[in-house]
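Structure, as structure tokens:
Rule-based calculations on the coordinates, nothing more; no lab input. Here the structure is a predicted model, which is why all the values come from computation and not from measurement. As a convention, Cβ positions derive from the backbone with ideal geometry for all residues, glycine included, and neighbour counts pool all protein chains shown.
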Amino acid sequence: MTNKTVLITGCSSGIGFYCAKTLHQAGYQVLATVRNPNDVNKLTDLGILCHPLDLADPSSVETGFNWAVAQADNHQIDVLFNNGAYALPGALEDISRDMLQTQFQTNVFGWHQLTQLCIAHMLPFNSGRIIQNSSVLGFVAMRFRGPYNASKFAIEGLTDTLRLELADTQIQISLIEPGPILSRFRANALAQFEQNINLNNSRFKHTYQNMLSRLKKEGPGMRFTLGPEAVYDKLIHAIEAKRAKPRYYVTFPTHLMGVLKRILPTSWLDALLKRS
């Protein structure tokens with residue numbers, strides 16, 4: 001039975017929900033957070049401590065963090081797993097400044113604020129793990145995913161910087177970089193598209209119609225899709241290993257793109273990605 005306390009964001013479904021549930025079953029003290037207060041009972045019914053935390057709202061982030069410290073055994077958070085995020089699909093020419101800012105409020109600024117709070121909390125203990133759930137789209141870009149690409153590229157840059165700046169401490173920093181994982185990610189992306197993008201006024205109208213068909217598809221959206229347990233396996237290593245890895249690739253497409261990014265000229269990689 002472990003006595004480590006793990007704070008996780010984005011636990012309503014998918015990776016966050018699976019990891020919160022499985023860590024709890026493994027004996028960790030899990031402090032789960034969800035954006036929608038209506039999802040709290042879904043976790044508490046499993047015996048997991050849960051609290052609303054909207055990453056887009058700075059006051060909600062601070063309140064959620066203070067709740068976590070108060071609930072944590074010995075008031076010590078051992079691990080932060082930044083996971084809560086969403087995607088806004090669409091061509092960048094159809095993405096307004098406000099839409100891009102909203103994407104970054106949740107996917108980047110909220111993570112940064114919570115990470116700052118946890119670093120200040122962890123430094124006096126001289127221990128801790130901060131694990132960021134990034135994406136294969138944090139190091140290769142794909143069409144019509146610009147806001148999400150940019151947010152994950154930003155997370156990768158911030159995390160690499162943190163790893164260097166915290167090298168003189170016992171706080172370890174890791175990135176998990178999944179490819180396709182079975183979750184509600186596409187369903188949430190579909191809702192964002194329908195809410196924000198005017199399909200009929202875009203020169204990509206016909207491309208969007210094909211994209212919508214993919215987003216509406218039930219089950220795995222592409223080959224090599226894995227379940228959230230694939231991310232959990234990497235998360236456990238990042239939590240428990242004496243020396244956590246800086247990066248954890250998850251799924252075949254992530255491993256493949258990691259290799260191709262290193263060996264292919266940009267024009268060749270672009271040609272491949274345009275067909276994806």
Hey, can you grab everything whose amide H is under 5 Å from the amide H of L31? Only 5+ residues off in sequence or another chain; H modelled, so Pro and N-termini drop out. V6, L7, I8
Does anyone have the angle between helix 146-165 and the longest principal axis of the chain? Alpha-carbon axes, 0 to 90°, nearest 10? 40
Considering the options S127, Q76, C50, tell which one lies farthest towards the positive end of the dipole of the range 18-156, charges being +1 on Lys and Arg and -1 on Asp and Glu at the Cβ, about the Cα centre. S127
Given the candidates Q103, A191, Q116, the one whose Cα lies deepest towards the positive end of the charge dipole of the chain, counting +1 at each Lys or Arg C-beta and -1 at each Asp or Glu C-beta, is A191
Rounded to two decimals, what is the ratio between the C-alpha radius of gyration of the range 54-182 and 2.2 N^0.38 Å? 1.11
Could you give the size of the charge dipole of the chain about its Cα centre, using +1 on the Cβ of each K and R and -1 on the Cβ of each D and E, expressed in debye and rounded to the nearest 20? 1120
Counting every C-alpha pair in the range 17-63, the percent lying more than 11 Å apart is 64
Crossing angle, helix 58-71 versus the chain [Cα axis fit, 0-90 degrees, rounded to tens]: 40
Gap separating the Cα centres of the range 102-176 and the range 9-78, nearest whole Å: 18
How big is the Rg/Rh ratio for the range 57-98, C-alpha atoms only, Rh by Kirkwood, two decimals? 1.23
To two decimal places, what compactness ratio does the range 1-109 give when its Cα radius of gyration is scaled by 2.2 N^0.38 Å? 1.14
Positive end of the charge dipole of the range 220-276 (Lys, Arg +1 and Asp, Glu -1 on Cβ, about the Cα centre): tell me which of S267, L226, P253 has its Cα farthest that way. S267
Output the peptides 70-78, 84-92 sorted from most to least packed, where packing is the average of other Cβ atoms within 10 Å over each peptide's residues. 84-92, 70-78
Roughly what % antiparallel, to the nearest 5, for the DSSP beta bridges in the chain? 0
By Cβ neighbour count within 10 Å, fewest first, W111, W67, W268 rank W268, W67, W111
Hydrodynamic radius of the chain per Kirkwood, over alpha carbon pairs, in Å: 19.3
Treating only the Cα positions of the range 128-233 as identical point scatterers, give the base-10 log of I(q)/I(0) from the Debye formula at each q in 0.14, 0.21, 0.22 Å⁻¹. -0.68, -1.19, -1.25
Could you list which residues have their amide H under 5 Å from that of R247, counting only those 5 or more apart in sequence or on another chain, with H placed in the peptide plane? L175
Volume per residue, Å³, of the convex hull around the alpha-carbon atoms of the range 193-268? 168
